[in-house]
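Notes follow the structure.
Just so it is clear, none of the values below were taken in a lab; they were calculated from the coordinates. Treat the numbers as computed from the prediction; the structure is a model and nothing was measured. Don't worry about glycine lacking a Cβ; one is built from the backbone with ideal geometry, like all the others, and counts go over all protein chains shown.
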Amino acid sequence: MTEIEQLMRPNILRLTPYSSARSEFKGEASVWLDANESPFNTTYNRYPDPLQSRIKEKIARIKGLSPDSVFLGAGSDEAIDLLFRVFCIPACDNAVAIEPTYGMYEVCANINDVEYRKVPLDEEFDFDPVDLLAVTDDHTKLLFICSPNNPTGNTFDASKIKYLLDNFRGILVIDEAYIDFSSQDSFLKRLPDYPRLVILQTFSKAWGSAGVRLGMAFASSGIIEVFNKVKYPYNINALTQEYALEILEKEECVKEWVDVLLRERLKLETLLQEFPFVTKVYPSDANFLLVRTRDAAALYNYLQDKGIIVRNRNKITLCSGCLRITVGNAEENRILVEALAIYGK
Ligand SMILES: *Cc1c(COP(=O)(O)O)cnc(C)c1O
């Protein structure tokens, strides 16, 4: 058994996956009578490519990887759930994560009956990798690092993440949902050196496509193969696959959107700092700002009454008084700042 196989659930390793008509025959043909599809309503009468080969080739080219290290899911959320289902034996194994962080890791752990161990960040929203490892044991299969982190907005020091890669024996998951907005590099380049590394990215943020539900996981081919065995056979529908091929041609456009949002983030950060009821605007490497205020609940309700919805993070560990504000377009940000100016009076 490989090192990766030893980390996987034995029933998953033994699993014979569902073999769909479209995965058994992949060649060229003119008469398709193998999948009980309707001959009417072309082109949506056909089941989509179960492994999304054309999309993965494009993504692989953009990211400088091999297509067999790419997994596509219905949002990164599908990949997060698969990590638990593939690696964690329910009521036996555990997962470790920093706190606060993205809420779906804990929800997926709970759904899968996997113990979830939270390690609070320090006042600077930073972690000590030695402390994180101290919480792990032989049953710790997953360690989640979201960088840039949601909701704190900071990217973690690469050397700390590297320490975890070198010393954690389970699967290290780096969630890079916001990496396109970060001043720091993605860990994608390190993928070939670390077979136990899984990197999550998504079309929901910089790519402006949250509505289509498309997320990516990058890992060694041994992990991706097993993800493909466990996922629903046609997890990415034909409409989404078509759309993905189109948006992947618009990389330049996406870069411009990111540039605009980075300029808007800087403007917004500067303006928010001026308000007397704002006690801190945390530095952000993402498309949102975490803002500490004197009375988060009152401010949240005020903005809501004005039709402006932000995220109240007041009740989250280390985030008392905090609102998380997504950076919008220039117009949206102007409306927000004008509303705040009136609140301040
Ligand atoms: C938004 C977000 C995602 C994206 O989830 P999707 O299911 O791809 O929309 C993943 N991780 C973090 C930390 C996020 O904030």
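Residues in region 266-319 that are of a type in the set (G, A, S) and over 28 Å from A210 (Cα atoms): A298 only. The criterion of being buried (at least 16 other Cβ atoms within 10 Å of the Cβ) and within 16 Å of the ligand (Cβ to nearest atom) holds for A244. Only residues that are near the ligand (Cβ under 8 Å from one of its atoms) and among the polar types (S, T, N, Q) were counted across region 201-214, and they come to 2.
Which residues, taken from region 168-196, are more than 16 Å from the ligand (Cβ to nearest atom) and among the small types (G, A, S)? Passing the criteria: G170, S183.
In the condition set (1) hydrophobic (A, V, I, L, M, F, W, C); (2) away from the ligand (no atom under 16 Å from the Cβ); (3) touching a residue at least 40 places away in the same chain (Cβ under 8 Å), A217 is compliant with all but (2). Note on region 26-61: among residues that are surrounded by 11 or more Cβ atoms within 10 Å (Cβ to Cβ) and out of contact with any helix residue (DSSP H, G or I) (no Cβ under 8 Å at 6 or more places or on another chain), the one that is nearest to F203 (Cα to Cα) is R61. Once region 86-108 is narrowed to residues that are part of a helix (DSSP H, G or I) and not β-branched (V, I, T), the residue that is farthest from D126 (Cα to Cα) is F87.
With A210, A206 as the choices, which residue is farther than 22 Å from A134 by Cβ and surrounded by 20 or more Cβ atoms within 10 Å (Cβ to Cβ)? It is A206.
When you go through L83, L165, L142 one by one, which is the residue that is part of a helix (DSSP H, G or I) and within 16 Å of the ligand (Cβ to nearest atom)? L83 is the lone residue from the list that is part of a helix (DSSP H, G or I) and within 16 Å of the ligand (Cβ to nearest atom). A single entry from D49, D126 fulfils the requirement of being charged (D, E, K, R), under 18 Å from E176 (Cα atoms) and either in contact with a Ser or Thr (Cβ under 7 Å, 6 or more places away or on another chain) or more than 16 Å from the ligand (Cβ to nearest atom) (or both): D126. Screening Y194 with (1) touching a residue at least 60 places away in the same chain (Cβ under 8 Å); (2) closer than 21 Å to L82 by Cβ gives one miss only, at (1).
Scanning region 104-123 for residues that are in contact (Cβ under 8 Å) with a residue 24 or more places away in the chain and of a type in the set (A, V, I, L, M, F, W, C), we see that the one that is nearest to the ligand (Cβ to nearest atom) is M104. When region 90-103 is limited to residues that are of a type outside the set (D, E) and buried (at least 18 other Cβ atoms within 10 Å of the Cβ), the one that is farthest from the ligand (Cβ to nearest atom) turns out to be N94. Evaluating G64 against the criteria (1) in contact (Cβ under 8 Å) with a residue 40 or more places away in the chain; (2) crowded, with 16+ Cβ neighbours inside 10 Å; (3) under 29 Å from S159 (Cβ atoms); (4) out of contact with any Phe, Trp or Tyr (no Cβ under 8 Å at 6 or more places or on another chain) leaves one unmet condition, (2).
A count restricted to region 67-80 and to residues that are within 12 Å of the ligand (Cβ to nearest atom) and assigned to a strand (DSSP E or B) stands at 2.
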